[in-house]
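**Student:** The structure is given below, and queries will be raised subsequently.
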Protein chains: 2
Amino acid sequence: MATGRTHRPATRSRGIPEATVARLPLYLRALTALSERSVPTVSSEELAAAAGVNSAKLRKDFSYLGSYGTRGVGYDVEYLVYQISRELGLTQDWPVAIVGIGNLGAALANYGGFASRGFRVAALIDADPAMAGTPVAGIAVQHTDDLDRIISDNGVSIGVITTPPGAAQQVCDRLVAAGVTSILNFAPTVLSVPDGVDVRKVDLSIELQILAFHEQRKAGEEAAADGRAAVDPDSDEAPPMRATPAGRKGPDGDMPAVMPA
Amino acid sequence: MATGRTHRPATRSRGIPEATVARLPLYLRALTALSERSVPTVSSEELAAAAGVNSAKLRKDFSYLGSYGTRGVGYDVEYLVYQISRELGLTQDWPVAIVGIGNLGAALANYGGFASRGFRVAALIDADPAMAGTPVAGIAVQHTDDLDRIISDNGVSIGVITTPPGAAQQVCDRLVAAGVTSILNFAPTVLSVPDGVDVRKVDLSIELQILAFHEQRKAGEEAAADGRAAVDPDSDEAPPMRATPAGRKGPDGDMPAVMPA
DNA sequence: TACTGTGAAGCACTTCACAGCG
DNA sequence: CGCTGTGAAGTGCTTCACAGTA
């Protein structure tokens with residue numbers, strides 16, 4: 001798994017909290033919209049509303065970057081756009097390679113939001129020889145065999161994985177071996193990478209499951225309108241039963257006694 | 001914007017921390033894989049490794065659900081799969097509607113991970129009349145005009161928005177009016193919803209920007225191999241300059257003196 | 001013995017509330 | 001006067017370390 005230090009120690013890079021970094025793109029988007037409307041300055045309150053956060057948090061976030069506001073006035077829009085872009089590294093060009101050109105890979109290749117902020121789709125890579133040469137979003141798909149060369153030739157340091165889960169780790173290893181140090185993973189797989197390589201994960205199914213959790217809770221609260229609480233959401237469900245967990249103490253419906261099939 | 005209470009108060013639903021809820025799907029996936037290999041029990045250490053978290057965290061997470069393990073042995077795989085599924089509300093069927101059938105919407109409609117865990121694509125909706133009737137992933141696309149009816153007829157409570165940003169808020173409003181109470185938003189927009197409606201956001205471009213931030217930092221550290229620190233990542237960049245922020249104190253490269261164009 | 005379950009300590013982020021300044 | 005910038009307090013999550021138990 002990891003190569004050097006094991007865990008990764010709390011990543012507060014250069015003193016900017018990770019949580020702040022994750023919000024900077026949000027502020028940047030709101031500021032860009034203001035900039036397009038030629039709004040010259042904005043208060044923390046207004047900008048916070050546009051970005052969907054509270055103003056104290058926004059001011060604290062900006063305080064990590066420096067003192068870029070004017071008391072009694074607010075923030076200069078253009079100036080902030082520049083400072084945040086620079087902080088995020090968006091003033092330079094980032095060639096990106098997408099590996100796995102299925103439905104999702106193709107959707108990403110066509111996604112306009114990519115190009116708008118310094119990211120450039122430099123290569124599309126797929127394992128299917130039949131796809132080689134086919135243009136997707138105006139770019140010819142290349143074969144996995146040439147992955148190493150494609151990555152180095154284009155100076156790619158950010159890779160996007162949109163392969164099926166079974167191929168993800170292998171593709172990841174090859175990307176890393178070829179010099180990629182940041183990976184955006186859409187495959188539902190836990191990737192192992194050496195230390196110094198960043199992985200971010202986008203997992204559709206996880207997001208839906210989190211929503212389902214809250215949704216279920218809402219349904220329960222609703223049903224508990226009068227006097228009594230927590231409805232067991234599934235009385236006629238298929239429950240497994242193995243081993244013999246003796247003194248178990250789950251919060252509600254311990255478990256029915258039928259086996260699935 | 002919000003209807004009742006304004007902010008949303010720290011959402012620790014029924015005592016399970018939000019951070020834990022967000023990890024349950026991860027555990028579930030790892031457990032499902034073990035289950036398919038007919039592994040009967042697993043220790044916190046092993047399962048944690050498979051899910052990519054540390055074992056203390058995993059044990060703490062499970063302790064919020066109840067005492068489902070056996071000391072000296074570990075956790076019963078099937079039993080845990082059932083308990084987590086139930087906790088997440090996956091033992092019931094969740095009809096989902098996808099609005100905006102472009103590249104991304106179509107990719108999602110075709111995504112297998114949907115169906116596997118209680119989620120069923122019940123409807124595809126698009127504003128383009130030309131698309132109405134076209135089958136995508138075996139489901140006929142329906143027109144936005146019928147959105148309200150489609151949502152109620154199918155009992156949809158989870159909506160997925162994959163429209164262009166300009167349409168997202170309007171679609172969101174209509175979904176909510178029709179009875180949807182959970183939304184997964186892929187459009188790069190901050191959505192306003194009434195209280196009681198959950199929104200989760202998946203934003204590709206934000207993920208890339210976060211990666212770019214760390215990537216830039218790596219490049220800087222690398223260059224600072226000998227004696228001196230922090231390289232200014234862009235000396236020949238286009239810097240804006242408006243208003244007159246007097247005593248500014250950005251951490252590095254204050255700002256060159258040329259205007260863009 | 002080998003592993004879970006959990007108080008307690010530690011840490012990071014958020015929010016408050018107000019001093020400071022244009 | 002209005003709004004930023006920030007110490008200090010508050011909150012929630014993570015990690016430690018070990019008592020408890022099959």
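**Student:** Across the stretch B:27-42, what is the total count of residues that are more than 8 Å from chain A (Cβ to nearest Cβ), of a type outside the set (A, V, I, L, M) and in contact with a helix residue (DSSP H, G or I) (Cβ under 8 Å, 6 or more places away or on another chain)? Even if it seems obvious, please write down each step before you answer.
**Tutor:** Start the filter on the stretch B:27-42 by keeping residues that are more than 8 Å from chain A (Cβ to nearest Cβ), which leaves B:27, B:31-39, B:42.
Then keep just the ones that are of a type outside the set (A, V, I, L, M); that gives B:27, B:32, B:35-38.
From the residues that got through so far, the ones that are in contact with a helix residue (DSSP H, G or I) (Cβ under 8 Å, 6 or more places away or on another chain) too are B:27, B:32, B:35.
Result for the stretch B:27-42: 3.
**Student:** So, one more: Filter the stretch A:188-220 down to the residues that are open to solvent by 30 Å² or more (accessible area, probe 1.4 Å) and aliphatic (A, V, I, L, M) and list them by number.
**Tutor:** Within the stretch A:188-220, A:VAL190, A:VAL199, A:ALA219 meet the criteria.
**Student:** Is it true that some residue in the stretch A:200-213 is at the interface with another protein chain (Cβ under 10 Å from one of its Cβ atoms) and either farther than 26 Å from B:ILE84 by Cα or more than 17 Å from the chain's Cα centre (by Cα) (or both)?
**Tutor:** Yes, the stretch A:200-213 has at least one match.
**Student:** Can you find a residue in the stretch B:77-84 that is within 16 Å of DNA strand D (Cβ to nearest atom), assigned to a helix (DSSP H, G or I) and either open to solvent by 10 Å² or more (accessible area, probe 1.4 Å) or farther than 21 Å from A:LEU208 by Cβ (or both)?
**Tutor:** Scanning the stretch B:77-84 turns up at least one residue that is within 16 Å of DNA strand D (Cβ to nearest atom), assigned to a helix (DSSP H, G or I) and either open to solvent by 10 Å² or more (accessible area, probe 1.4 Å) or farther than 21 Å from A:LEU208 by Cβ (or both).
**Student:** Condition check: within 18 Å of the chain's Cα centre (by Cα) and either open to solvent by 50 Å² or more (accessible area, probe 1.4 Å) or more than 10 Å from every other protein chain (Cβ to nearest Cβ) (or both). Does B:ALA115 satisfy that? Spell out the reasoning first.
**Tutor:** On the way: within 18 Å of the chain's Cα centre (by Cα): yes; either open to solvent by 50 Å² or more (accessible area, probe 1.4 Å) or more than 10 Å from every other protein chain (Cβ to nearest Cβ) (or both): yes.
Yes: the conditions hold for B:ALA115.
**Student:** While we're here: Give me the pairs: first residue in the stretch A:48-67 and touching a residue at least 12 places away in the same chain (Cβ under 8 Å), second residue open to solvent by 30 Å² or more (accessible area, probe 1.4 Å) and of a type in the set (Val, Ile, Thr), beta-carbon distance under 6 Å, and six or more apart or on different chains, which are they?
**Tutor:** A:GLY52/B:VAL190
**Student:** Turning to a different aspect of this structure: State all residues of the stretch B:54-72 that are open to solvent by 30 Å² or more (accessible area, probe 1.4 Å), within 8 Å of DNA strand C (Cβ to nearest atom), within 8 Å of another protein chain (Cβ to nearest Cβ) and part of a loop (DSSP other than H, G, I, E, B); if no residue qualifies, say none.
**Tutor:** B:SER67, the sole residue that qualifies.
**Student:** Of all residues in the stretch A:20-39, which are among the small types (Gly, Ala, Ser), more than 9 Å from DNA strand C (Cβ to nearest atom) and under 20 Å from B:GLU207 (Cα atoms)? Spell out the reasoning first.
**Tutor:** Residues of the stretch A:20-39 among the small types (Gly, Ala, Ser): A:22, A:30, A:33, A:35, A:38.
Of the ones still in play, those that are also more than 9 Å from DNA strand C (Cβ to nearest atom) are A:30, A:33, A:35, A:38.
If the condition is that a residue be among the small types (Gly, Ala, Ser), more than 9 Å from DNA strand C (Cβ to nearest atom) and under 20 Å from B:GLU207 (Cα atoms), then A:ALA30, A:ALA33 are the ones that fit.
**Student:** If you go through the stretch B:24-35 one residue at a time, do you hit one that is open to solvent by 40 Å² or more (accessible area, probe 1.4 Å), at pLDDT 95 or above and in a helix (DSSP H, G or I)?
**Tutor:** Here is the first cut: in the stretch B:24-35, the residues open to solvent by 40 Å² or more (accessible area, probe 1.4 Å) are B:29, B:33.
Pick out the ones that are also at pLDDT 95 or above and you get B:29, B:33.
From the residues that got through so far, the ones that are in a helix (DSSP H, G or I) too are B:29, B:33.
The answer is yes; a qualifying residue exists.
**Student:** Can you tell me how many residues in the stretch A:24-39 are over 20 Å from A:VAL73 (Cβ atoms) and hydroxyl-bearing (Ser, Thr, Tyr)?
**Tutor:** 1
**Student:** Does A:THR11 qualify as being polar (S, T, N, Q), touching an Asp or Glu at 6+ places or on another chain (Cβ under 7 Å) and modelled with pLDDT under 95?
**Tutor:** It is true that A:THR11 is polar (S, T, N, Q), touching an Asp or Glu at 6+ places or on another chain (Cβ under 7 Å) and modelled with pLDDT under 95.
**Student:** How many of the residues in the stretch A:40-53 are surrounded by fewer than 16 Cβ atoms within 10 Å (Cβ to Cβ) and more than 14 Å from DNA strand C (Cβ to nearest atom)?
**Tutor:** Here the count works out to 1.
The values are calculated or read from the model by the stated rules, or taken from the named source; none is laboratory data. Not measured: the values here are computed from a predicted model. We place every Cβ from the backbone using ideal geometry, glycine too, and count neighbours over all the protein chains shown. To get the accessible areas, we keep the full protein, side chains included, count just its heavy atoms, and leave off ligands, DNA and RNA. Shrake-Rupley method; radii C 1.70, N 1.55, O 1.52, S 1.80 Å.
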